[in-house]
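Colleague: Take a look at this one; I'll ask things after.
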Amino acid sequence: MTTSAEPVRPGPLAARSVVHPPVPPAPRMLRLPGVYRPQEDTALLASAIAELTIPAGAHALDLCTGTGAQAITLARRGAGTVLAVDLSRRALASARLNALIRQLAVRPCRGGLARALREGPFDVVVANPPYVPSPAPTVRSTRGWDAGPDGRALLDPLCAAAGTLLRPGGTMLLVQSAMADVDKSREQLAAQGLRTSVVQRARIPFGPVLSGRTEFLEAAGLIEPGQRMEELVVLRADR
Ligand SMILES: C[S@@+](CC[C@H](N)C(=O)[O-])C[C@H]1O[C@@H](n2cnc3c(N)ncnc32)[C@H](O)[C@@H]1O
């Protein structure tokens, strides 16, 4: 995080040279103050979207859109309608601007999972939700990344709802940290009859947020003692 008012993900862009495998540069986006800055997880999910076959005219959802980076990738890849959902008004204004200057059709929509469920089902769902385990309650300034003591505050309801969010034949791509229990996500998705696979992985160094809570993470058993690298994973789920 560059300043306390800059909600960026824990992975520092400056340390990209030690990312394994190398993650492409995060997309450059306009961003109102307080909106999550695109970074390694953004780029990893965008890479997975770029490799997905998107049916022409697909109805697509970018849940937790932030600057709209994933929604824009979906629109560029030929999705027919792209819904960009976020709790933050500033995020939605940023997403609207970013789509407008690229002349792409993206519909910003304020809300969370319940709103997405009302707008579904979808052919394609992508999400970069908050997934960082946190010892403290989530507040507005940290809601771009903090996700409760196990990092699953949004992952659990999202994985549990994936079968309802997707049309038959639909696909979801979801990025998360390995410390927020990838196996649990896969089990929750499989319990709804979805086929799951890991389509992208990258190891990145801890940034300021994770570095500032290593004691909590070690005590909670979420990282090994002395661990200072994080693994990011993109999960694919097919209905
Ligand atoms: C990790 S950022 C991802 C931003 C962007 N999709 C990207 O890949 O760079 C998470 C976003 O989720 C939003 N958010 C947090 N909790 C949410 C919720 N319950 N429902 C919808 N959006 C939420 C935050 O405002 C933030 O913009």
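Colleague: Within region 20-48, find all residues whose amide N lies under 14 Å from a label point positioned 7 Å from the Cα of Leu100 along Cα-to-beta-carbon.
Modeller: What the label zone holds, given the 14 Å backbone N cut-off, is 30-32.
Colleague: Give me the percent of accessible area attributable to carbon and sulfur for region 13-238, probe 1.4 angstrom.
Modeller: 54
Colleague: At q = 0.13 Å⁻¹, what is the log10 ratio I(q)/I(0) for the chain, with the Debye formula run over Cα points and no solvent?
Modeller: At q = 0.13 Å⁻¹ the computed log10 ratios are -0.71.
Colleague: Output needed for region 45-146: three equivalent-ellipsoid semi-axes, defined as square roots of 5 times the C-alpha gyration tensor eigenvalues, in descending order, whole Å.
Modeller: For region 45-146, the semi-axes come out at 23, 14, 13 Å.
Colleague: Just the number please: accessible area per residue for the chain, 1.4 Å probe, all protein chains included, in Å².
Modeller: Normalised by residue count, the accessible surface of the chain is 43 Å².
The values are calculated or read from the model by the stated rules, or taken from the named source; none is laboratory data. Nothing here was measured: the structure is a model prediction, and the numbers come from that model. Every residue, glycine as well, gets a Cβ built from its backbone with ideal geometry; the counts of neighbours run over all protein chains shown. Heavy atoms of the whole protein, side chains included, go into the accessibility calculation; ligands, DNA and RNA do not. Shrake-Rupley method; radii C 1.70, N 1.55, O 1.52, S 1.80 Å.
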